[in-house]
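Q: One structure coming up, written as structure tokens, with questions to follow.
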Amino acid sequence: MRIRVENLRFAYPGRGFSLGPPPLDIAPGQRVAFVGPSGSGKTTLLRLIAGILTPDAGSVFLDDTEISALSDRERRRYRASRIGFVFQDFRLLDHLDVRENVRLPLRLSAQHRARDAIATRADELLDESGILTKARARPRTLSQGEKQRTAICRALVTRPGLILADEPTGNLDPENKSKILGLLIERARAADATLIVVTHDESLLPAFDRVIDFAQTLDQSLDPAQSEAR
Amino acid sequence: MALRLAWAYLRSSPGRTLILVLCIAATLTLPIAGARFFVVLEREMLARADGTPVVIGSPGSPADLVLHALYFAPSPPGELPVSAADEVRDSGLARPVPVYARFTAGGRPIVGTTLDYFDFRNIGLDRGAQLARLGDCVLGWEAARRLGVEPGDTLASDPHDIFDLGGTFPIRLRVRGVLQRTRSPDDHAVFVDLSTAWIIAGIGHGHDDIAEIDPDAERTDQGYRSGAQVRTHTMITDENIESFHFHGDPDTFPLTALIAVPNDDRARALLLARFVSRADGLQALRPSLVVADLVEMLVPVRRALGGYSAVTAGVALALFWMIVALTLRLRRSEFETLHDLGCPRSTTAAIIACEIAMVLGLGLLIAGVVSLGGVELSRGWIRTMAA
């Protein structure tokens, strides 16, 4: 999936933070890392691309769809069927077991409601990620690495064209970091999906095709006084 | 989808869900059971009354008279002479069904009546045979079960007054049959012939032939005067039945109530009119009207219970709402995750609604089963209450 960001402007109301990145064009299948200091707007841009947030001005195109121009309902549908999201703190639902957590986006997506497909697709991914034996376990009983593997399976289950990962290795030990990132990149490549990962960890950057450093390239400000002066 | 997620959430913490459901069930049980209890109580009271067209009895409380005639209430009103039954029969307006229920056997009321009573109430025999002679009794289904007696056994009437040393002896009755179950006060009664009831009352008795037992007995104008060696029979047998006899004017023998079964509505109206402002004070009543007045007395109790239930339900709802609000706050990140994954807000709202509906529904179901089942199981007790 190709991603284009044009003339984007976004500000959180009353929080003195504004984001105005330069034009951005990410080619289909590219693996991109967003790096930069905390609060530099990496996660905000990721959420704008996902259509979770809507920009104050400018456009976000996913292939030919201007997601920023869609209604809330349309963006939700688009997100559920075309975008996979991996969160830093996993955000697995504790009252569902691993298998049901992975199946959740399939159930949310109107395009993937076939019962058999839901059943087999989730188990395939769990098997490929080495956690099929944990399919009936509750998330609270898993290790950090297992939780993130589950979250990755959940992001991949709808075969999305775009995978967004917000610091997916932030809560992992060094050994698990490279394993999880390796898994994410491998799964994205296998699915021929575009991958954007927000990370602080420079040791992981060689695995990416492209690195976008928010500290140098993006027009952003952290200081409320500065943003107001601007 | 919403239903599946809601059920998964409730199932993930069975203890918490169970406590919530039981709290709701406990809150709802009392109002439902109370409402149902009054419905059943009224129905039971009115059903028996509706099935009894007219009751005639001595002057006094109409409620006492009707409750006695319908339920054989343990404190009978005054008495009326058996001639009242003849008067009703002779009028051609109604069929009289006499009731004399002043004594007990094994704590169950002994109802002296005629075979007409069983026709009138449409009660057949479950086992054994009907009353055949003096001293026989047939038992209601529940009375037989509770007393553990069967046809062929005997059953003694309870002593009238243990301090009345000169009083009549308890009579040992021959159990002839057990009646079909009717789920009415008749199930709890011991039925005897009217004459047997009068013997229990001491109006009639049987004893040895004085001339045979005591040759020295002094003959007087009224009969023999004898010593203590003359035995009074306490059980009526084929051998001694001839010795039983009554003293006094048979027309004055007592009844505690007289049920009249009029030929039609007109006959009922005429019969009721005949018992207005009589010199002997006897009254004729329509039990359905008397019981309806009694039921009216339950209205304030019912209202009080309704008010209490409303307050309790209000408090419970407020608490429930607080629990839901706190839970939603604790689960904010879960709902944000669902939204970020593409779940519409309407589905999130549906999940919450399903959870609330399931908890309330389960609570209501348990409350319904417990309260309605409890009232159904207590029907016998409610009938006793109604009496």
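Q: Of the peptides B:259-267, B:247-255, how do they stack up when ordered by the mean number of other Cβ atoms within 10 Å, highest first?
A: B:259-267, B:247-255
Q: Once the Cβ-Cβ distance between B:Asp119 and B:Val369 is put in as r, and R0 is 41 Å, what FRET efficiency do you end up with, to the nearest 0.05?
A: On the way: r = 40 Å, r/R0 = 0.97.
After rounding to 0.05, the efficiency reads 0.55.
Q: Can you work out ³J(HN,Hα) from phi for every residue in region B:54-64, in order, using Karplus 6.51 cos²θ - 1.76 cosθ + 1.60 and θ = phi - 60°, giving whole Hz and x for Gly and Pro?
A: The phi angles translate into 9, 10, 10, x, 6, x, x, 5, x, 5, 4 Hz.
Q: To the nearest 10 degrees, how steeply does helix B:299-330 sit against the main Cα axis of chain B, on a 0 to 90 scale?
A: It works out to around 20 degrees.
Q: For B:Asp251, project a label point 7 Å along Cα to C-beta. Then give me every residue of region B:72-92 with its amide nitrogen under 14 Å of that point.
A: Counting only backbone N, you get B:81-88, B:90.
Q: Right, here's the next one. Give the long-range amide H neighbours of B:Leu125: residues separated by 5 or more places, or on another chain, with amide H under 5 Å away, using H modelled in the peptide plane at 1.01 Å from N.
A: B:Gln180
Q: What are the semi-axes of the equivalent ellipsoid of region A:78-193, taken as the square roots of 5 times the eigenvalues of the Cα gyration tensor, listed largest first and rounded to whole Å?
A: Three semi-axes, in Å: 20, 16, 12.
Q: Please list, in chain and number order, the residues 5+ apart from A:Leu19 or on another chain whose amide H is under 5 Å from its amide H, with Hs placed from the backbone.
A: A:Phe10, A:Ala11
Q: State, to one decimal in nm, how far the label point of B:Arg43 lies from the label point of B:Thr220, with both points 7 Å from Cα in the Cβ direction.
A: 6.1
Q: Obtain the radius of gyration and the Kirkwood radius of region A:22-133 from its C-alpha atoms and give Rg over Rh. Show your work: numbers first, answer last.
A: Values: Rg = 16.2 Å, Rh = 16.2 Å.
We get a ratio of 1.00 for region A:22-133.
Q: Between B:Leu46, B:Leu294, B:Leu179, where does the largest GNM mean-square fluctuation fall for chain B, given springs only between Cα atoms within less than 10 Å?
A: Evaluated over chain B, the most mobile residue of the options is B:Leu294.
Q: What are the ³J(HN,Hα) values, in whole Hz, obtained from phi via the Karplus relation 6.51 cos²θ - 1.76 cosθ + 1.60 with θ = phi - 60°, for each residue of region B:125-132 in sequence order, with x given for Gly and Pro?
A: 8, 7, 7, x, 9, 7, 4, 10
Q: Still on this structure, I have one more. If I model a spin label at B:Asp126 and B:Leu317 as a point 7 Å from the Cα along the Cα→Cβ vector, what separation in nanometres do I get?
A: 4.7
Q: If eta is 0.890 mPa s and T is 25 °C, what Stokes-Einstein diffusion coefficient results for the protein assembly as shown, Kirkwood Rh from Cα pairs, in µm²/s?
A: Numbers: Rh = 32.6 Å.
So the translational diffusion coefficient is about 75 µm²/s.
Q: Same structure again: With charges set only on the Cβ (+1 for Lys and Arg, -1 for Asp and Glu), what does the dipole of region B:247-387 come to about its Cα centre, in debye to the nearest 20?
A: 240
Q: Here is a follow-up. Can you give me the long-range amide H partners of A:Arg2? Hydrogens built in the peptide plane at 1.01 Å from N, cutoff under 5 Å, separation of 5 or more residues or another chain.
A: Under 5 Å from the amide H of A:Arg2 lie the amide H atoms of A:Asp63, each far enough along the sequence or on another chain.
Q: Moving on. Order B:331-341, B:51-61 from most to least packed using the mean count of other Cβ atoms within 10 Å. Before the final figure, lay out each step's value.
A: Working: B:331-341: 17.7, B:51-61: 20.1.
Per-residue Cβ counts within 10 Å, averaged per peptide and sorted highest first, yield B:51-61, B:331-341.
Q: Can you list, largest first and rounded to whole Å, the semi-axes you get for region B:252-387 by taking the square root of 5 times each eigenvalue of its Cα gyration tensor?
A: Details: eigenvalues 764, 45, 40 Å².
In descending order, the three semi-axes are 62, 15, 14 Å.
Q: If the elastic network links every pair of Cα atoms under 10 Å, which of A:Arg140, A:Arg73, A:Arg154 fluctuates the most in the Gaussian network model of chain A?
A: A:Arg73
Q: Quick one: Debye curve from the alpha-carbon atoms of region B:1-101 only, equal weights, vacuum; give me log10 I(q)/I(0) at q = 0.14 Å⁻¹ to two decimals.
A: For region B:1-101, the Cα-only Debye profile gives -0.72.
Q: Can you give the average number of partner chain beta-carbon atoms within 10 Å of each beta-carbon in peptide A:84-94, as a whole number?
A: Counting Cβ atoms of other protein chains within 10 Å of each residue's Cβ and averaging gives 3.
Q: Quantify how strongly other chains surround peptide B:341-350 by giving the mean number of their Cβ atoms within 10 Å of each of its Cβ atoms. Write down the numbers at each step before the final one.
A: Values: counts 18, 19, 7, 6, 3, 1, 3, 0, 0, 0.
Partner-chain Cβ atoms within 10 Å, mean over residues of B:341-350: 6.
Q: Let me ask another. Write down, largest first, the equivalent ellipsoid semi-axes of chain B in whole Å, where each equals the square root of 5 times an eigenvalue of the alpha-carbon gyration tensor.
A: Values: eigenvalues 793, 119, 55 Å².
After diagonalising the Cα gyration tensor, the semi-axes are 63, 24, 17 Å.
Q: Pop out the ³J(HN,Hα) list for region A:149-161 in order, Karplus 6.51 cos²θ - 1.76 cosθ + 1.60 with θ = phi - 60°, rounded to Hz; leave Gly and Pro as x.
A: With the stated coefficients, region A:149-161 comes to 4, 4, 4, 5, 4, 4, 5, 8, 5, 8, 6, x, x Hz.
Q: Per DSSP H run of n ≥ 4, the term is -39500 (n - 2.57); total these for the protein assembly as shown, divide by its residue number, and report the mean residue ellipticity at 222 nm rounded to 500 deg cm²/dmol.
A: -14000 deg cm²/dmol, from helical runs alone.
Q: Taking 8 Å as the Cα distance limit and 6 or more residues as the minimum spacing, I'd like the relative contact order of region A:125-201 as a percentage.
A: 33
Q: Under the Kirkwood approximation applied to all pairs of distinct alpha-carbon atoms, what is the hydrodynamic radius of region A:3-229 in Å?
A: So the Kirkwood estimate lands at 18.0 Å.
Q: Further question: In nm, give the distance between the simple-model label positions of B:Glu376 and B:Arg329, each being 7 Å from the Cα along the Cα-to-Cβ direction.
A: The answer from the label model is 4.4 nm.
Q: Would you tell me the mean number of C-beta atoms belonging to other protein chains that fall within 10 Å of each C-beta in B:6-18, as a whole number?
A: Mean partner shielding for this stretch: 2.
Laboratory data are not the source of any read-out in this text; all were calculated from the coordinates shown. Being a predicted model, the structure only gives us computed values, none of them experimental. Neighbour counts run over all protein chains shown; Cβ positions are idealised from the backbone, glycine included.
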